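This report refers to the structure that appears directly beneath it.
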Amino acid sequence: PQGRRAIASVAALATAPAAMAETAELLADRTAVTEPICERVSEPLREPVVSTSRTTAQLDLGESPGIYESVLVATFGGVAVSLSKGGALVHPIFMLLLCLPVFVIQVSTIFILRSGLNTDHDVYEVGNNHSEALLKLKLALVIIVYLTNFKVLVHGVERLVFVSNPITWAEVKHFSFRDAALLHKLPSCLVLPSIMLCPFCSIIMKFGVAYLVCVDSVSIILSAQTAQDAIFNSLAIGFVTDLGDSWWEFVQHNFKLTRIDEFEFALREQDKTWTNTGELHEKTTILPTVYRLLVRATTWKSFGMKTSFLRTGFGAARVETVTALILLCAIYTRQLFVVLYSVETNTLPAARDLCEEYKLMEENSMMWDVFQGHMLVSMDAELRYAAQTSKLADRCMAGDLHRMKMPQIQRIWHNHWSTILLCLVLMFCVIVMPSVAIALHGIIQPEDLDKVDQEQNSDIDKLQEEMREVQARLESLENERGQTGIPQANKP
């Protein structure tokens, strides 16, 4: 027995240095694990940096973006052509040129439909019950048409506000001449106009078409003589706004362009664009003084803001939405007065539009010559034909088809104030108020500091529990080695 104990002692002494080295390594690992945790637990809370976790800007392109949206996407580097050796970005001005054919077709179609209306027909027959019932159906169809085009109109205004926001061009990655192999030799003075004006033009073109469709749909529906014609006319006018989507599918397929329905507007790196205090870096923009004043003017510290509300992630999307909805309500209010004025005077709104065009033609206006020179058909011939087949010229020259001005607006308000007030309240409650309430949620209901403290305390408790588990695991390992007769290292 004494010999066996001696042999065991010799074996233990032989393995002791290796065991001690392993235990020391474990203790070093323990120190490396526990010290950062202790530092994180004991570290005081610092003032948060003004930053956001967003990497993309919020802008809805719709379910099926068309040729007009492709100009906006190309401006921010999202349209490329597939080549045999990779791909190349497409300059937005080329996409804008591709918009012109479909825009001319759309506008020409709208004006031909307008000039083809029989402006001599009354909107309804006074005292005829059937005609008055049909008028109610027509007005309901007008509302449906405006609701159908609501998304197109509001998206158009949102995109216009998006590209009008100066902060957008500072923090969102956009097309650069370095990305175009054929255009890098152009003068630098053409860079800014060619890039920034393209999305403005395309957005205004699409919004203008949608607005003209809404305006002329009122006359097309009110001119119907039967309920069936009114329903079919309200459905037929919608195809004009869909031409842009069909044209984009054709262009995308034939020019081998990339898809844009899943495009995201990527933001630049925040540490290179914004400072920790919520200011723009001077090297980010070409007008640092102007941008600095803009950021300070849009940072309302009295409401708890730490940076501009025009910045992505800090209110830019909400500002765009609320602004678009307010402008859209103004447009709908204008059209409400137009419809009431048409019913009150028993005259189609298109008759007044044609009268203004007829006056421009008779005056040989240069603006009219430029406009009708770019249409598919001769607008002069169309207007003269409409004047011959109806009493348009006589009524126009007699002053019966003047546009609605302030005296007429005041008279309409006096006669229909209850109807107008009800429509305004409904528009505000249904269209504007929900978005405004969401946008002001952070001000109306500020962040709950007690809840934040509870979350931070919970994180500290988790870190302390993690430290205790690591310490217990190391002590257990030391005890196991002590039971085998290996000397334990001194604890720090």
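Every read-out reported here was derived from the displayed coordinates using simple, explicitly stated rules and does not represent laboratory data. These numbers were taken from a predicted model, which means no experiment stands behind them. Every residue, glycine among them, receives a Cβ derived from its backbone with ideal geometry; neighbour counts consider all protein chains shown.
With θ set to phi - 60°, apply the Karplus curve 6.51 cos²θ - 1.76 cosθ + 1.60 along the range 270-279 and write out the HN-Hα couplings as whole Hz, x wherever there is a Gly or Pro.
The phi angles translate into 5, 5, 9, 10, 10, 8, 5, 9, x, 9 Hz.
Taking the Cα centre of the range 54-129 as the origin, how large is its charge dipole in debye, to the nearest 20, when only Lys and Arg (+1) and Asp and Glu (-1) carry charge on their Cβ atoms?
Dipole about the Cα centre, nearest 20: 600 debye.
What order, most packed first, do the peptides 327-337, 302-312, 399-409 have when packing is the mean number of other Cβ atoms within 10 Å of each residue?
302-312, 327-337, 399-409
If the cut-off is 25 Å between C-alpha atoms, which lysines fall inside it for K359, apart from same-chain ones fewer than 8 positions away?
K391, K405
About its Cα centre, how strong a charge dipole does the range 223-303 have in debye, to the nearest 20, once Lys and Arg get +1 and Asp and Glu get -1 at the Cβ?
600 debye
5 Å is the cut-off here: which amide hydrogens, built 1.01 Å from N in the peptide plane, fall below it relative to W274, excluding neighbours closer than 5 in sequence?
Placed amide hydrogens put H281 under 5 Å from W274.
Under 16 Å Cα-Cα from K138, which lysines qualify once same-chain neighbours fewer than 8 residues away are excluded?
none
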